[in-house]
Amino acid sequence: MASKDSAIGSQPFLQELFRSALYKPRQGRMVRQVTAIVVWAVAGVGAWRMHELFLISKPGGALGYLIAVAVAGVGVWLGYRLVNWPKFADFLISVEAELNKVSWPTKRELIRASMVVIFTILFLSILLFLFDFVWKFLFSAIGIA
């Protein structure tokens with residue numbers, strides 16, 4: 001006999017689109033909110049670009065705005081439902097749990113590690129420039145390049 005959680009988690013996304021309930025609302029809030037905001041931003045930019053590219057040159061600009069707003073609204077609803085789809089919400093909840101296990105560096109450690117990376121990149125770029133310069137000089141001296 002299947003439990004309630006597995007029965008809820010097995011519903012396809014299409015059925016989840018028409019629900020308004022939140023799935024585990026107190027768990028994974030930060031990751032779910034950031035994910036929803038990113039999906040909403042993509043939907044908003046997509047609606048704006050669609051309006052700008054396809055509908056602005058045609059007569060009846062009000063219809064173009066209405067379609068763009070409708071597309072943005074559908075994107076907002078899809079983003080809201082996506083982060084509350086049980087399978088995806090459980091994934092986001094586990095992502096936040098794993099992020100809480102990470103030992104984040106202190107500010108001093110972050111600055112030191114960044115300086116090591118920056119100096120390593122500078123050193124390697126200078127070294128590659130010198131190799132390139134030497135090989136170019138040698139090849140031009142023997143008439144290859």
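Can you give the FRET efficiency to the nearest 0.05 for THR106 and TYR80, using r as the Cβ-Cβ distance and R₀ = 30 Å? Let's see the in-between values first.
Details: r = 37 Å, r/R0 = 1.22.
Efficiency, from the Cβ-Cβ distance: 0.25.
Once R0 is set to 22 Å, what does the formula 1/(1 + (r/R0)^6) return for the Cβ-Cβ distance between VAL42 and GLU98, expressed as a FRET efficiency to the nearest 0.05? Each step should come with its number before you reach the end.
Working: r = 24 Å, r/R0 = 1.10.
Once the sixth-power term is evaluated, E becomes 0.35.
Can you classify segment 19-145 as rounded, prolate or oblate using the Cα gyration tensor, where a ≥ b ≥ c are the square roots of its eigenvalues, rounded means a/c under 1.5, and otherwise it's prolate if a/b beats b/c and oblate if not?
On the way: a/c = 4.11, a/b = 1.52, b/c = 2.70.
The shape class here is oblate.
Dipole size of segment 23-102 about its Cα centre, with +1 on Lys/Arg Cβ and -1 on Asp/Glu Cβ: approximately 180 debye, rounded to the nearest 20. Each peptide in 81-90, 37-46, 94-103 was scored by the mean count of other Cβ atoms within 10 Å over its residues; highest first, the order is 81-90, 37-46, 94-103.
No lab work stands behind these numbers, since they all come straight from the coordinates. Because the structure is a prediction, the values reported are computed rather than measured. Glycine also receives a Cβ, built like all others from the backbone with ideal geometry; neighbour counts cover every protein chain displayed.
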